[in-house]
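Reading through the structure tokens given below for one structure.
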Amino acid sequence: MSGYSKITPELGAEILRAAGPECEIADPELLEAAATDATGMVRSPELVLSLKSAVQVSALMRLANKFVFPVTPRGAGTGLAGGSLAEHGGVVLRLDEMNEIIEIDPVNLTARVQPGAVLADLKAAAAEHGLFYPPDPASLNECTVGGTAATDAGGPACVKYGTTRQYVLGLTCVLPSGEIVECGSRTRKCVVGYDLARLMVGSEGTLGVITELTLRLVPMPRAASTRVAVFDDIFKATAAVSRIMNAGVTPSAVEFIDAKCLELIRDLLPFEGVKKGSALLILEADGMPGSVAEEMDVMESAAREAGAAHMLAADDEAERAGVWDMRRRVSLRIHENAAVYVPEDVAVPLDRVAELVDRLPVFEGYHGLTVYAFGHAGDGNVHLNVTADDASKEEDVEACVTGLLEYVLELGGTISGEHGVGLAKKRFLPLELSEESVRLQREIKRVFDPNNILNPGKVF
Ligand SMILES: Cc1cc2nc3c(=O)[nH]c(=O)nc-3n(C[C@H](O)[C@H](O)[C@H](O)COP(=O)(O)OP(=O)(O)OC[C@H]3O[C@@H](n4cnc5c(N)ncnc54)[C@H](O)[C@@H]3O)c2cc1C
């Protein structure tokens with residue numbers, strides 16, 4: 001398919017001579033894992049390698065160019081867009097063994113890490129120095145820092161702190177040509193030339209393989225307070241978001257969970273007395289102890305004025321951890337309970353979130369499906385999980401997803417707030433981007449990767 005060389009035994013042997021024979025993954029379980037990601041889609045590579053240095057990656061890319069075979073970078077495979085799948089076969093390049101946290105520099109508030117470091121480990125290493133690395137996708141205990149950079153991952157903390165892109169100061173990457181390039185800088189500011197570091201961030205492994213990152217850290221907030229606002233229905237809950245965001249303080253999280261999601265995680269809810277049919281907003285403030293209490297009071301008043309039936313306070317660390325554990329498991333529970341599961345992560349302007357969720361029953365009824373909604377309400381980032389209880393409904397799911405995405409664009413939104421396009425959403429790209437924009441982006445890809453060997457078949 002598509003003019004790429006097959007990895008014949010001879011070519012495989014040549015690759016292993018260049019990269020090192022110990023790099024080949026032969027364990028059948030690991031090979032199976034490398035053929036899929038959190039979407040559940042499957043694409044089998046011809047060879048799986050785990051490399052440990054930029055020099056090895058460079059040697060691989062030079063061969064890939066010479067013999068024209070595809071290379072697909074992979075972190076932990078928690079991606080929700082199929083970005084790490086070998087759409088055209090070839091080599092899957094695992095980076096999870098390049099996992100050193102090279103340095104936490106508390107004087108300059110930076111971290112230097114290899115791409116395969118697990119995000120939670122980086123956050124813990126920063127915390128040991130009283131520092132905070134904010135990006136916090138719910139997959140943080142598994143996903144790699146390189147994967148989060150390649151997808152510009154976000155999470156609940158984005159509403160106050162921004163996404164991964166805001167924290168990448170510089171990075172080393174191996175271009176498809178095999179050249180090793182330093183992008184960005186170690187300084188907190190840099191406007192010399194085009195911003196290649198931030199172009200790499202969010203490029204889903206299509207422009208270069210990230211082999212080291214310099215990241216910005218911030219002081220660890222001294223205190224945090226979490227409350228759960230309970231609303232009678234999802235419309236009221238999401239309509240409250242604009243009011244909370246306009247109350248004069250910046251929350252460190254405004255997450256929502258609809259009634260259907262709530263039933264899936266009710267056993268994890270660390271509170272009693274939440275009625276069936278309710279929808280939740282998880283509100284959090286962080287900062288200095290004095291200001292946190294005051295900010296939380298401001299948010300609580302806004303939530304009550306917007307119709308919150310009652311507020312539940314997660315006062316101690318155990319309750320706070322319980323609330324976040326519950327929130328992080330929502331998508332896993334949805335996935336476990338559905339025969340067909342399509343995770344969309346649209347974003348709309350804050351004042352359109354309620355309109356979007358209000359329309360969901362129409363889509364559900366029309367297509368005979370269930371759509372679970374939860375997500376980062378304070379960013380207008382709504383995770384719409386379109387599910388069916390039997391595999392024969394795939395066509396209905398596709399029609400429902402298309403309709404939903406078109407509606408999101410009508411509302412002035414975007415088809416992906418954080419998971420990216422990858423393989424899963426590339427057919428929808430022309431719905432959102434103009435022909436000129438796609439042409440320009442394809443040309444950028446061609447400049448970096450004229451032979452289209454790095455993660456081909458993604459995004460466009
Ligand atoms: C339960 C669950 C919850 C999630 N919650 C969130 C969330 O709240 N917010 C969010 O943003 N995402 C979320 N995600 C999606 C996912 O976890 C993130 O996108 C994560 O950043 C992917 O990291 P990874 O190491 O697993 O990357 P992978 O899945 O392995 O790869 C993702 C993409 O990055 C590329 N890539 C990986 N490493 C490199 C590298 N070193 N150089 C170049 N390209 C590379 C791959 O080619 C692929 O295109 C969630 C996923 C799950 C399963």
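The values are calculated or read from the model by the stated rules, or taken from the named source; none is laboratory data. Worth saying up front: this structure is predicted, and the values here are computed from it rather than measured. Here the Cβ is made from the backbone with ideal geometry for all residues, glycine too, and neighbour counts use every protein chain on show. Ligands, DNA and RNA are excluded from the accessible area calculation, which covers all protein heavy atoms including side chains. Shrake-Rupley method; radii C 1.70, N 1.55, O 1.52, S 1.80 Å.
What the Cα convex hull of the range 325-460 gives, in volume per residue, is 134 Å³. Here each label is just a point 7 Å from Cα along the line to Cβ, and for Asp325 and Ser437 those points are 4.1 nm apart.
Send over the per residue convex hull volume for the range 102-147, Cα only, as a whole number of Å³. Cα convex hull per residue, to the nearest whole number: 62 Å³. With both labels modelled 7 Å from their Cα along Cα-to-Cβ, the Glu410 to Arg304 distance reads 3.8 nm. Using the Cβ-Cβ distance between Ala124 and Ser291 with R0 = 35 Å, the FRET efficiency computed as 1/(1 + (r/R0)^6) comes to roughly 0.85. Charged neighbours of Arg165, selected by a Cβ distance under 9 Å, balance to 0 (K, R count +1; D, E count -1). Evaluated with a Cβ-only charge set (Lys, Arg +1; Asp, Glu -1), the chain carries a dipole of roughly 1120 debye about its Cα centre, given to the nearest 20. If every alpha-carbon in the range 1-148 counts as one equal scatterer, what log10 I(q)/I(0) does Debye give at q = 0.12, 0.18 1/Å? For the range 1-148 at q = 0.12, 0.18 Å⁻¹, log10 I(q)/I(0) is -0.54, -1.02. The angle between the Cα long axis of helix 353-367 and the longest principal axis of the Cα atoms of the chain comes to about 70 degrees, rounded to the nearest 10.
Overall dimensions of the chain, expressed as equivalent-ellipsoid semi-axes from the Cα gyration tensor (√(5λ), whole Å, largest first), are 38, 26, 19.
Sequentially through the range 19-35, phi angles give Karplus couplings (6.51, -1.76, 1.60; θ = phi - 60°) of 8, x, x, 5, 7, 6, 8, 10, 4, x, 5, 5, 5, 5, 4, 6, 8 Hz, Gly and Pro residues having no value and appearing as x. With N counted as the residues of the range 254-303, its alpha-carbon radius of gyration over 2.2 N^0.38 Å works out to 1.36. Counted by Cβ distance under 12 Å from Ala237, the other residues give a net charge of -3, where Lys and Arg count +1 and Asp and Glu count -1.
3J(HN,Hα) along the range 110-123, derived from phi through the Karplus expression 6.51 cos²θ - 1.76 cosθ + 1.60 where θ = phi - 60°, amounts to 9, 10, 10, 9, 7, x, x, 4, 6, 4, 4, 5, 5, 4 Hz, with x in place of Gly and Pro. For the range 259-348, the relative contact order comes to 38 percent (Cα pairs under 8 Å, sequence separation of at least 6). Segment Val181..Glu364, full-extension length gain: 61.1 nm, with 0.36 nm per residue of separation and the alpha-carbon distance subtracted. In percent, rounded to a whole number, the relative contact order of the chain is 15, using alpha-carbon pairs under 8 Å and six or more apart. Note on Cys190/Arg446: beta-carbon distance plugged into 1/(1 + (r/R0)^6) with R0 of 35 Å gives a FRET efficiency of 0.85.
Amide hydrogen proximity for Leu131: with H placed 1.01 Å from N in the peptide plane, the residues at 5 or more positions away or on another chain lying under 5 Å are Met220. Volume of the convex hull of the range 62-204 (Cα atoms only), normalised per residue: 115 Å³.
How much of the accessible area of the chain, in percent, comes from carbon and sulfur atoms when a 1.4 Å probe is used? In the chain, the share of accessible area belonging to carbon and sulfur is 52 percent.
Ignoring aspartates and glutamates fewer than eight residues from Lys123 along the same chain, the ones with Cα atoms less than 17 angstrom from its Cα are Asp96, Glu100, Glu103, Asp105, Asp136, Glu142, Asp152, Glu212, Asp286, Asp325.
Projected label points at Ser392 and Leu199, each 7 Å from Cα along the beta carbon direction, are separated by 5.1 nanometres.
The convex hull built on the alpha-carbon positions of the range 161-237 has an orientation-averaged projected area of 8.4 nm².
Ordering Leu283, Leu268, Met296 by the projection of their Cα atoms onto the charge dipole of the range 267-307, which places +1 on the Cβ of Lys and Arg and -1 on the Cβ of Asp and Glu, puts Leu268 at the extreme positive end.
Rolling a 1.4 angstrom probe over the protein heavy atoms with all chains in place gives the chain an accessible area of 42 Å² per residue. Net charge in the neighbourhood of Ser278 (other residues with Cβ under 12 Å of its Cβ; Lys, Arg +1, Asp, Glu -1) is +1. If you take all C-alpha pairs in the range 13-98, what percent of them are over 22 Å apart? The proportion of pairs with Cα distances above 22 Å equals 18 percent.
For the chain, the 222 nm mean residue ellipticity estimated from helices alone, with every DSSP H stretch of n ≥ 4 adding -39500 (n - 2.57) and the total spread over all residues, rounds to -10500 deg cm²/dmol. Scanning residues 5 or more positions from Leu169 or on other chains, those with amide H under 5 Å from its amide H are Thr214, Leu215, Arg216, with H placed 1.01 Å from N in the peptide plane.
For the range 162-285, relative contact order (Cα pairs under 8 Å, six or more residues apart, normalised by length) works out to 25 percent. Relative to the longest principal axis of the Cα atoms of the chain, the long axis of helix 317-328 lies at roughly 60 degrees. Multiplying the residue separation of Lys66 and Asn337 by 0.36 nm and subtracting their alpha-carbon distance yields 93.0 nm.
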